[in-house]
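Quick notes on the structure that follows.
All of the numbers you see were taken from the coordinates with simple rules; none came from a lab. Model, not experiment: these values are computed from the prediction. Every residue, glycine as well, gets a Cβ built from its backbone with ideal geometry; the counts of neighbours run over all protein chains shown.
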Amino acid sequence: MPTLDILLDSPGLLALTLFAALLVGLSKGGLPAVAMLSVPLLSLTMSPLAAAILLLPIYILSDAISVWLYRREFSATNIRILIPAGLLGVLIGWATATVVSDRVVALMIGLMGISFCLYTWFFKNANADARPATVGRGLFWGALSGFTSFVSHAGAPPFQIYVLPQKLPKMVFAGTTTIVFAAINLAKLGPYWSITPYTEDTLRIALMLLPAAAIGTVAGKMLIQRLSEKWFFLAVQIALFAISCKLVVDAVLATD
């Protein structure tokens, strides 16, 4: 992982890191899934694990801003179901971190996401009634979202598979996403710290990147406010499909 001195002495690396923080902020502002690009982007210059560890404080600091932005726009029913389920998933991920294969998890989640998108686009009646939130399904998909967020940073597909059929208003969907993953990311901090403790230098880098993430968070909300409901949810589905395809490809091409 680069130190603060290395970042300041390398304009290219600094620009790349700032852009990754901006992507995190845009995602936290409500733009679907763009934060998934941040770890692969930084992996061009450091290990994926180092990139994930470096960015987690940025996620948490951005979460604080986005929760305030969406403090009045969320589904209370989903929050009550998905946050406890997501925290349970994080605990399961932590408890099984040494025995669970990231490759298998990525493949499973990727295939689920692809299947869901194909079904939605080609087989499901677009005029079908919204599917209400239920405790049973919410606990399953919420726990799976927390689990996959912990072990492979891919919590969005299970979350979206559960929430998209509810046909929530776009701002409520974005706010619910933001608040649920704010809780999940905060819950990951302790387990991640136990695996690789954060240094003072890492936290100084996070503070330096915070303005870029904050700008992205505010810009993300402004952008989705201007998108129509139709185009917003199509963008979410396309992002889900693209991420799911990437997970499958990475799992198939991964070497032990």
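Please report the net charge: other residues with Cβ closer than 15 Å to the Cβ of K170, K and R +1, D and E -1.
Here the count lands on +3.
Using the eigenvalues of the Cα gyration tensor, what equivalent ellipsoid semi-axes result for region 118-256 when each is taken as the square root of five times the eigenvalue, whole Å, largest first?
Output for region 118-256: semi-axes of 29, 20, 16 Å.
Put a dot 7 Å past each Cα toward the Cβ at Q225 and T45; how far apart are the dots in nm?
Rounded to a tenth, the inter-label distance reads 3.3 nm.
Just to confirm my numbers, what's the Cα centroid distance between region 179-206 and region 34-99 in Å?
Centre-to-centre (Cα) distance: 9 Å.
Of F123, P211, S66, which is farthest towards the positive pole of the chain's charge dipole, taken about the Cα centre with +1 and -1 on the beta-carbons of Lys, Arg and Asp, Glu respectively?
F123
Work out from phi, with θ = phi - 60° and the Karplus expression 6.51 cos²θ - 1.76 cosθ + 1.60, the ³J(HN,Hα) of each residue of region 223-238, listed in order in whole Hz, and give x for Gly and Pro.
With coefficients 6.51, -1.76 and 1.60, one gets 5, 6, 5, 9, 8, 6, 4, 4, 6, 4, 6, 5, 4, 4, 5, 5 Hz.
Summing +1 for each Lys or Arg and -1 for each Asp or Glu, what net charge is found among the other residues whose Cβ lies under 15 Å from the Cβ of D5?
Counting the neighbours of D5, the net charge comes to -2.
Here are some pairs, K124/K221; K28/K188; K167/K188; which of them have Cα atoms lying more than 25 Å apart in this structure?
Exceeds cut-off: K124/K221; K167/K188.
Find how much the distance from Y198 to C245 grows on full extension, using 0.36 nm per residue of separation minus their present alpha carbon separation; answer in nm with one decimal.
Once the chain is fully extended between Y198 and C245, it gains 13.7 nm.
If you put +1 on each Lys and Arg Cβ and -1 on each Asp and Glu Cβ, how big is the dipole of the chain around its Cα centre, in Debye rounded to 20?
980 debye
If one puts a single equal scatterer on every Cα of the chain and applies the Debye formula without solvent, what log₁₀ I(q)/I(0) results at q = 0.11, 0.13 Å⁻¹?
Values, matching the q order: -0.56, -0.80.
Among 174-187, 221-234, how do they line up by average Cβ neighbours within 10 Å per residue, starting with the highest?
The most tightly packed comes first, giving 174-187, 221-234.
For the chain, what is the relative contact order in percent, using Cα pairs closer than 8 Å and at least 6 residues apart in sequence?
Answer for the chain is 38 percent.
Taking one equal scatterer on every alpha-carbon of region 100-192, how large is log10 of I(q)/I(0) by Debye at q = 0.19, 0.21, 0.22 1/Å?
Taken in order of the listed q values, log10 I(q)/I(0) reads -0.97, -1.14, -1.22.
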